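Novice: Structure in structure tokens, see below.
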Amino acid sequence: MKLQYRITIAFGLLLIVVTGASAHMFYSLLLDNLIEQQRNELMLKGQIWIERMKNSRSAISPESVEELQRLFVPNRKVEILLVGDKRKVLYTTLPSSSLKDWLNDLERRAEKRKERRTWLIGSDDYIVVTLPMQNGESRRLLLAVPVRGVKEIRVELTRNIMGTLLVGVIFAILLSFLITRSLVEPLSKLVREIKKVQLRKFAEVQYVPATGEIAEVSESVYFMAQELDRFHDIQKQFFQNASHELKTPLMSIQGYAEGIRDGVFTGDAARQGLDVIVQETTRLKKIVTEMILLGKLESEEHLFHPEAVSAVELVNQAIERLDPIRLKQGITIAVRKEDAEPCVFVDREKFLQALINILGNALRHAREHIDVKLEERKNQLWIDIVDDGEGIPEALLPHLFHRFVKGKNGETGLGLAISRAIIERSGGTIEAHNGVIAGATFRIKLPLQKNP
Ligand SMILES: Nc1ncnc2c1ncn2[C@@H]1O[C@H](COP(=O)(O)OP(=O)(O)O)[C@@H](O)[C@H]1O
Ligand SMILES: [Mg+2]
């Protein structure tokens, strides 16, 4: 069942139970109240009449009793019994069949000196008031109305109130339906958008406007879809680039191999062909090795074995490993550091690889000098690698660290992607920019290890 209907039904049921319980309580209290009210009315009007009789000092006549009846609402039946000395009935509206019962009850209750709420005479309940005609006099006036009449009033009143309550309940349920609809509608829309994610139509996912927590979910879904779309594109791009990178060397290997086999290349040409085949095979092997490493860096949990190591030592080690290339190109590298010996918590071999990739690039592009600067900033270690080459092509900068992104004389285009993966898994970041005058700057930021 739809959430909207479920909420409305639950709310409606709750409302019905609450109003039902209140109505029941009201109904049971109402009778007591009405009886009390009737008693007060009988008492008041009876006293008014007694007072009038006292003042007029005339004997009780049918006219004077009529006057008493007129005090009450015309269609209300009020029984009157006026009793004198020794149970002498002076006047009554009661039928003679039950008169004896009334007189008996009157006497019994007078003895007990206790007024009961209602009297049961025959099979009927009555609300009764007895009043002395004058102080100390034995003449008494008895006024009675049947409880039945009061019950009818109660039913009538209750019916009216229930009618009003019913209209209220219907109105409240309608309102709840509208409110829940405004809450649930964004959810239904959100479900439609999430289905698009399921069908991998990430780019089609739209933002669903909503408020409160639903807005947060909606935002998350939207951004998740955007992120997935980006990831999907990167993935697609990766496969295209990878197949291109692998296909090119394979095609030249195939071309030369077939040429040599078919006798197209002979002598020196054949030897040159074989050289190309060896070169391209080496490049292929490098690409495949780096691709495998990248894949592992991104997926394998237990590939890293971090330890506390001196950052300066790592930098010097990386430079040392690159010494043959550096010497061949006649480039100088200066390591500048503060007095402190900063320590970082990284996987030694992997991090060395990251540094070698960046320094190797710098050696390839520098004219004559590379600066490596280590600096402690708050709880971080910043390692800047600055060269004096031609700088990074502006077009590459936004996605320099993506796979297979490379410049004119690039190699595999995987080196910086590998460096970034290693640095990020060590809890650090890497960024690149071009210097104001010339050259490229790579900045690695790593959390500092306090106690080596
Ligand atoms: N220090 C640098 N100066 C200028 N360009 C650079 C520098 N480092 C990297 N690049 C550019 O970034 C590209 C990507 O580098 P990298 O991922 O290491 O791939 P590769 O070195 O295999 O080409 C390089 O091809 C080059 O164009
Ligand atoms: Mg490289």
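The values are calculated or read from the model by the stated rules, or taken from the named source; none is laboratory data. Just so you know, these numbers come straight off a predicted model, no measurement behind them. With ideal geometry, Cβ positions are generated from the backbone for all residues, glycine too; neighbour counts draw on all protein chains shown. What goes into the accessible areas is simple: the full protein's heavy atoms, side chains included, and nothing from ligands, DNA or RNA. Shrake-Rupley method; radii C 1.70, N 1.55, O 1.52, S 1.80 Å.
Novice: Would you mention how many residues in the stretch 236-271 are open to solvent by less than 50 Å² (accessible area, probe 1.4 Å) and within 15 Å of residue 285 (Cα to Cα)?
Specialist: Residues flagged as open to solvent by less than 50 Å² (accessible area, probe 1.4 Å) and within 15 Å of residue 285 (Cα to Cα) within the stretch 236-271 amount to 6.
Novice: On to the next question. Please go through the stretch 273-292 and pick out each residue that is under 12 Å from residue 245 (Cβ atoms) and open to solvent by 80 Å² or more (accessible area, probe 1.4 Å). Break it down stepwise before answering.
Specialist: Residues of the stretch 273-292 that are under 12 Å from residue 245 (Cβ atoms), as a first pass: 280, 283-284, 286-288, 290-291.
Matches in the stretch 273-292: 286 only.
Novice: Does residue 327 qualify as being of a type outside the set (Ser, Thr, Tyr) and surrounded by 15 or more Cβ atoms within 10 Å (Cβ to Cβ)?
Specialist: No.
Novice: Among the polar types (S, T, N, Q), within 14 Å of ligand 2 (Cβ to nearest atom) and touching a residue at least 40 places away in the same chain (Cβ under 8 Å), is that true of residue 357?
Specialist: yes
Novice: Considering only residues of the stretch 337-363 that are more than 47 Å from the chain's Cα centre (by Cα) and at pLDDT below 95, which is surrounded by the fewest Cβ atoms within 10 Å (Cβ to Cβ)?
Specialist: Result: 339.
Novice: Any chance you could count how many residues in the stretch 405-421 are assigned to a loop (DSSP other than H, G, I, E, B) and either within 9 Å of ligand 2 (Cβ to nearest atom) or in contact with a Phe, Trp or Tyr (Cβ under 7 Å, 6 or more places away or on another chain) (or both)?
Specialist: From the stretch 405-421, those assigned to a loop (DSSP other than H, G, I, E, B) are 405-414; that's our starting set.
Narrowing further to those that are either within 9 Å of ligand 2 (Cβ to nearest atom) or in contact with a Phe, Trp or Tyr (Cβ under 7 Å, 6 or more places away or on another chain) (or both): 406, 410-414.
Qualifying residue count for the region: 6.
Novice: Using the structure shown, decide if residue 30 is closer than 27 Å to residue 162 by Cα, in the same structural domain as residue 119 (by TED's automatic domain parsing) and open to solvent by less than 60 Å² (accessible area, probe 1.4 Å).
Specialist: Answer is yes for this residue.
Novice: Look through 373, 445 and report the one residue that is more than 23 Å from residue 290 (Cα to Cα), free of Cβ contacts under 8 Å to residues at least 60 places away in the same chain and either of a type in the set (S, T, N, Q) or more than 12 Å from ligand 1 (Cβ to nearest atom) (or both).
Specialist: That would be 373, the only listed residue that is more than 23 Å from residue 290 (Cα to Cα), free of Cβ contacts under 8 Å to residues at least 60 places away in the same chain and either of a type in the set (S, T, N, Q) or more than 12 Å from ligand 1 (Cβ to nearest atom) (or both).
Novice: Is it true that residue 424 is among the acidic types (Asp, Glu) and within 15 Å of ligand 2 (Cβ to nearest atom)?
Specialist: no
Novice: Sort out which residues of the stretch 372-391 are in a loop (DSSP other than H, G, I, E, B) and surrounded by fewer than 20 Cβ atoms within 10 Å (Cβ to Cβ), and write them in order of number.
Specialist: Passing the criteria: 378, 379, 388, 390, 391.
Novice: From the list 190, 141, exactly one residue is open to solvent by less than 100 Å² (accessible area, probe 1.4 Å) and either part of a helix (DSSP H, G or I) or not assigned by TED's automatic domain parsing to the domain that holds residue 74 (or both). Which is it?
Specialist: After ruling out the rest, the residue left standing is 190.
Novice: Taking the stated definitions as given, is residue 335 in contact (Cβ under 8 Å) with a residue 60 or more places away in the chain and either assigned by TED's automatic domain parsing to the domain that holds residue 428 or among the basic types (Lys, Arg) (or both)?
Specialist: Criteria not met by residue 335.
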